[in-house]
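Here the structure comes first, spelled out in structure tokens, and everything after it is commentary.
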Amino acid sequence: MNEYLQSIIDRDPAARSKLSIILTYPGVKAIFLYKIANFFSLAKFHLVAKIISQFARFLTGIEIHPGAKIGKNLFIDHGMGVVIGETSEIGKNVTIYHNVTLGGISPSINSDQQRNNKRHPTIMDNVVIGSGAQVLGPIIVGKNSKIGSNAVVTNDVPENAVMVGIPARNIGVSSEEFKPYAVTEETKKEKR
């Protein structure tokens, strides 16, 4: 827990103390409740898991399916409107801002054929996903990549990429240094 809280302090200049993070950050509450829901999901108590998930959504505005796989130190900043689908996989030290969807591409078409299939994205380690981004389908977002705000990503993303636009396109190489909003002056200059 201490490592997780410190990882948030390292990524959020607004974080004042570990106590304030525990008490006031909806992403922390959502992850805590997700872990409980995930426990019940793995134990095949799916209804209990979904009830906990929906309670977390009501409480935080963040919907994480109990079946998603989440690595260490996921930081959901602000959080309202975040949706993480059932077959999503998230690596270590990922940062997600508000209104992000890790979703499927055609959930209401042939639903029976999609059950028990990978239909949501895999997000590798150290990725930053800017507010409003939509990462859709069973794609892979490579390590250290940055997804700009409001980008729509429907294809695999290479490691260290900076993705912007609709549809998203790679505009540069991301540094391993944390950039909170994914696109910086350096990456804008590289593309000019």
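Before we move on, is Ile64 of a type in the set (A, V, I, L, M, F, W, C), closer than 19 Å to Thr95 by Cα and touching a Leu at 6+ places or on another chain (Cβ under 9 Å)? If you could, list the steps in order and put the result at the bottom.
Details: of a type in the set (A, V, I, L, M, F, W, C): yes; closer than 19 Å to Thr95 by Cα: yes; touching a Leu at 6+ places or on another chain (Cβ under 9 Å): yes.
For Ile64, the condition - of a type in the set (A, V, I, L, M, F, W, C), closer than 19 Å to Thr95 by Cα and touching a Leu at 6+ places or on another chain (Cβ under 9 Å) - is met.
Please report, ordered by residue number, the helices (runs of 4 or more DSSP H) entirely within the range 1-113 with at least 1 residues that are within 23 Å of Asp125 (Cβ to Cβ), within 14 Å of the chain's Cα centre (by Cα) and small (Gly, Ala, Ser). Even if it seems obvious, please write down each step before you answer.
On the way: elements: 2-11, 18-24, 26-42, 46-60.
Correct list: 26-42.
Yes/no per residue for (1) of a type outside the set (Gly, Ala, Ser); (2) surrounded by fewer than 19 Cβ atoms within 10 Å (Cβ to Cβ); (3) in a loop (DSSP other than H, G, I, E, B):
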{"position": "Lys118", "(1), (2), (3)": "yes, yes, yes"}
{"position": "Asp125", "(1), (2), (3)": "yes, yes, yes"}
{"position": "Ser131", "(1), (2), (3)": "no, no, yes"}
{"position": "Val135", "(1), (2), (3)": "yes, no, no"}
{"position": "Pro138", "(1), (2), (3)": "yes, yes, yes"}
{"position": "Asn150", "(1), (2), (3)": "yes, yes, yes"}
{"position": "Glu159", "(1), (2), (3)": "yes, yes, yes"}
{"position": "Pro167", "(1), (2), (3)": "yes, yes, yes"}
{"position": "Gly172", "(1), (2), (3)": "no, no, no"}
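Which residue, of Thr122, Thr101, is at pLDDT 95 or above and either charged (D, E, K, R) or closer than 20 Å to Gly61 by Cβ (or both)?
Values: Thr122 fails: either charged (D, E, K, R) or closer than 20 Å to Gly61 by Cβ (or both).
Going through Thr122, Thr101 in turn, just one is at pLDDT 95 or above and either charged (D, E, K, R) or closer than 20 Å to Gly61 by Cβ (or both): Thr101.
Take Asn73 and decide whether it is closer than 18 Å to Val100 by Cα and either out of contact with any strand residue (DSSP E or B) (no Cβ under 7 Å at 6 or more places or on another chain) or not acidic (Asp, Glu) (or both). Steps first, please.
Values: closer than 18 Å to Val100 by Cα: yes; either out of contact with any strand residue (DSSP E or B) (no Cβ under 7 Å at 6 or more places or on another chain) or not acidic (Asp, Glu) (or both): yes.
Answer is yes for this residue.
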Q: Starting from residues that are on the phi > 0 side of the Ramachandran plot and free of Cβ contacts under 8 Å to residues at least 60 places away in the same chain, keep the ones in the range 63-103 and report whichever is surrounded by the most Cβ atoms within 10 Å (Cβ to Cβ).
A: Gly79
Q. Given Lys29, Lys50, which one is surrounded by 13 or more Cβ atoms within 10 Å (Cβ to Cβ), of a type in the set (Lys, Arg) and touching a helix residue (DSSP H, G or I) at 6+ places or on another chain (Cβ under 7 Å)?
A. Lys29
Q. Listed residues Ala30, Ala56, Ala43, Ala68; which is of a type in the set (Gly, Ala, Ser) and in contact with a His (Cβ under 9 Å, 6 or more places away or on another chain)?
A. Ala68
Q.
Test of understanding: among Ile140, Ile109, Ile96, which residue is over 18 Å from Val164 (Cβ atoms) and modelled with pLDDT of 95 or more?
A. Ile140
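The values are calculated or read from the model by the stated rules, or taken from the named source; none is laboratory data. Model, not experiment: these values are computed from the prediction. When we count neighbours, we look across all protein chains shown, and the Cβ atoms used for this are built from the backbone with ideal geometry, even at glycine.
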